[in-house]
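The values are calculated or read from the model by the stated rules, or taken from the named source; none is laboratory data. What you see is a predicted model, and the numbers here were worked out from it, not measured in a lab. Here the Cβ is made from the backbone with ideal geometry for all residues, glycine too, and neighbour counts use every protein chain on show. What goes into the accessible areas is simple: the full protein's heavy atoms, side chains included, and nothing from ligands, DNA or RNA. Shrake-Rupley method; radii C 1.70, N 1.55, O 1.52, S 1.80 Å.
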Amino acid sequence: MERFARKFSAACLVGTGAVLWLLWHQQAPAQQFGRAMEAFRSRDWERVQYGLLGLKTASGYESRAILFSAALHLQRKEFGPALEELELAAAHPDVRAAALTLAGEALYGQGKLRPAEKTFRRALEVNADEIEAHRWLAIAYYDIGLMTAALGHLQRVADLDPHDPRPHRIMGVIHMDHGNPVAAVDDFEESVRRDPAQPDRDDILLELGQCQRQLHRYDDARRTLSMIEESADSLALLADIDYHQNRAAEAGQHAREALKLAADQRLALLVLGKIAFDERRFADAVETLTRAARAAPKDYDIHYALATSLRSVGRNEEAEEELHAAEELHELGRRAEDLFQQATADPEDAGVRYQLGMVSEQLGLDQLAETWFKAAALLAPNDQRARARLAELKQRGGQWNGPLRRGVARSGMSLIEP
């Protein structure tokens, strides 16, 4: 009887072990899939690769595993193979939204703007909270100059991830670049609040200080600048704040310190030129402002200040030339504002975006010109004018990226850098 009991207990243990092993075997693919999705969301490609290997032979997980294979193709910018696999992955409801978002990224990587936009929107129809689809729609709308739409999707990203400082940082730059310093201040402050130690903290605080100064919030701007490491730009901005608060001695000292770090810092030169003019040192004002004009030949304030100084030393003909240059720049600025309104009203007009690029170049804003030429090229892929201008800009001084692309490249917001 005792022997029978031992055999029965052993049999039960074996049976229990078999059941536990069967349950673990059935659950293991689900756990592997969950871990692989976490790795995919965090863009940990080594773990995605392991997850793919574990799921390839798991019954019932074939279509879901294809998502990870497609993501690895897309990471390598193999857009065609990625799209083929994503068509299969999108058939499974568990990964449909993610697969559609990746398909949109692949289409965007191929320069197919409208199909990409449509695919991102399909992803949001499946899951309105698909955060990467919102991010990519923000990028797409920024790239064609639809800032209001871009801002809407960036705000949605910020709402979905309340700890992410990047959306507000990018919204701040967009608002700053398009004449809304009040909104920019709020955005920059929120970005820093979310992550006070983010890598580009000093850049954000400098931009915040610039907006506060623009709003005549001089004491706030001074406090903001006190929180960052000194640079030519921060010292020049501090000099400008000093000047507007009637602290000429401090303004001059800060401007000279800025010039030690960057001899052509245009704002520092402008401040020193204004101080010299106020002190009736007109020859010194002309010399300093002439340096400023060489450093920043498309700066309205510098040309106007130089014209006034030249008149004071009797060089009236040169003064008229400088005043004419200032007036031309003013008219170009008004032209740019009109074109921007047209671009906002017509999201399909590549021609107006090309004109915005040309006007931006004439204003000396090469980075902004690049943004508009890229928008024109996206909307009219067969029009070679914009591509020719982009090539010229690149040859002249390198390739720039707008705020949204800088944010993507820095932070890993997306799978591929657009």
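General remarks:
- Filtering the range 138-176 to residues that are over 20 Å from Gly104 (Cβ atoms), under 13 Å from the mean Cα position of the chain (by Cα) and open to solvent by 40 Å² or more (accessible area, probe 1.4 Å) leaves only Met176.
- Evaluating Val157 against the criteria (1) among the aliphatic types (A, V, I, L, M); (2) out of contact with any Pro (no Cβ under 8 Å at 6 or more places or on another chain); (3) over 24 Å from Ala369 (Cα atoms) leaves one unmet condition, (2).
- Within the range 345-376, the residues that satisfy the criterion of being among the small types (Gly, Ala, Ser), touching a residue at least 24 places away in the same chain (Cβ under 8 Å) and not in a loop (DSSP other than H, G, I, E, B) are Ala350, Gly351, Gly357, Ser360, Ala369, Ala375, Ala376.
- Taking the numbered list (1) more than 24 Å from Ala369 (Cα to Cα); (2) surrounded by 22 or more Cβ atoms within 10 Å (Cβ to Cβ) in turn, Ala197 passes all entries but (2).
- For the range 141-149, the criterion of being in contact with a Phe, Trp or Tyr (Cβ under 7 Å, 6 or more places away or on another chain) and closer than 22 Å to Arg41 by Cα is met by none of the residues.
- Residues satisfying the stated conditions in the range 321-354, i.e. among the small types (Gly, Ala, Ser) and over 25 Å from the mean Cα position of the chain (by Cα): Ala325, Ala326
- Residue match in the range 312-323 (condition: open to solvent by less than 40 Å² (accessible area, probe 1.4 Å), within 30 Å of Asp278 (Cα to Cα) and among the hydroxyl-bearing types (Ser, Thr, Tyr)): no
- Sole residue being farther than 25 Å from Asp299 by Cβ and open to solvent by 30 Å² or more (accessible area, probe 1.4 Å), chosen from Leu390, Leu378: Leu378
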